[in-house]
Amino acid sequence: MEEREAPRPVAATMDTYASDLLPMFVEDIETMHVVRALEPIWTTKTETATRVRGRIESVLSWAKANHLRHGENPARWKGHLDQILPKPTKLKNVQHHPAVPYSDMHAFLTDLRERSGLAARVLEWQILTAVRPGEATGTRWDELDLEAGVWTIPGERMKAGLPHRVPLSKSARVLVSNLPAWPVLLPGAQIKPDHFTGCRPEPYEGIAPRIRPARSALLLP
């Protein structure tokens with residue numbers, strides 16, 4: 001059998017962490033594809049992830065210089081991916097929040113629903129829809145189709161820059177129906193108080209610090 005040359009480190013790294021990009025035409029690679037490749041390792045293998053990003057950027061830059069693609073490089077860091085992914089220097093001491101075991105989720109939600117306040121509703125909405133905190137607090141009524149049971153988050157509020165459709169369970173729709181008719185479902189600090197009629201919501205800066213301890217306090221042994 002003919003002896004085959006061992007794969008080079010760069011090629012091996014790309015095969016392992018960017019395999020979804022390899023079959024694609026370089027002109028078809030967009031930001032969402034790059035983010036999808038990097039996110040699984042960005043916080044757990046940060047040094048490797050930054051090298052992979054740099055290599056993707058180099059390949060796409062070469063492709064553009066050789067007229068194989070047009071437009072901005074979707075793997076560039078400054079002014080682009082730095083707005084989507086956490087800075088590598090801030091990830092060295094990341095401590096993840098403990099997760100609630102799936103079997104305990106019913107008890108967790110039962111306890112959560114007995115708690116008043118906007119922080120509890122934010123956390124409940126986030127659990128029921130499986131979205132990020134910023135996406136949950138920025139929910140607008142005009143994004144919801146309660147009859148169809150679908151929440152469409154516009155691309156400008158999504159990490160990958162593309163619209164995202166979230167199916168709404170019966171519990172999620174019940175939660176929505178019991179909320180005040182604010183322009184933003186769970187209002188954040190970006191909304192000015194004079195935009196509201198009747199109730200004045202609490203700014204997100206006041207909610208966020210309480211979501212974390214509320215979540216930790218509710219974790220069951």
On full extension of the chain, what length is gained from Glu72 through Met24, given 0.36 nm per residue of separation minus the C-alpha to C-alpha distance?
15.6 nm
Quick calc: nm separation of the 7 Å Cα→Cβ label points for Asp142 and His80 -> 3.1 nm
Multiplying the sequence separation of His164 and Tyr102 by 0.36 nm and subtracting their Cα-Cα distance, what value in nm do you get?
19.9 nm
Spin-label zone in the stretch 15-41 - amide nitrogen under 19 Å from a point set 7 Å from the Cα of Trp62 along the C-beta vector
15-30, 34
Could you compute how fast the stretch 36-139 diffuses translationally, taking Rh as the Kirkwood radius over C-alpha pairs and applying Stokes-Einstein at 25 °C with viscosity 0.890 mPa s? Give it in µm² per second.
144 µm²/s
Sum up the charges of everything whose Cβ sits under 11 Å from the Cβ of Arg36, counting Lys and Arg as +1 and Asp and Glu as -1, but leave Arg36 out.
-2
Filtering trypsin sites (Lys or Arg not before Pro) in the stretch 15-85 by DSSP loop and by at most 11 other Cβ atoms within 10 Å leaves Lys78
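Computed from the coordinates by the stated procedures, all read-outs in this text should not be read as laboratory data. It should be emphasised that the depicted structure is a prediction, and the values quoted were computed from it without experimental measurement. A quick note on method: Cβ atoms are made from the backbone with ideal geometry, for glycine too, and the neighbour counts reach across all protein chains shown.
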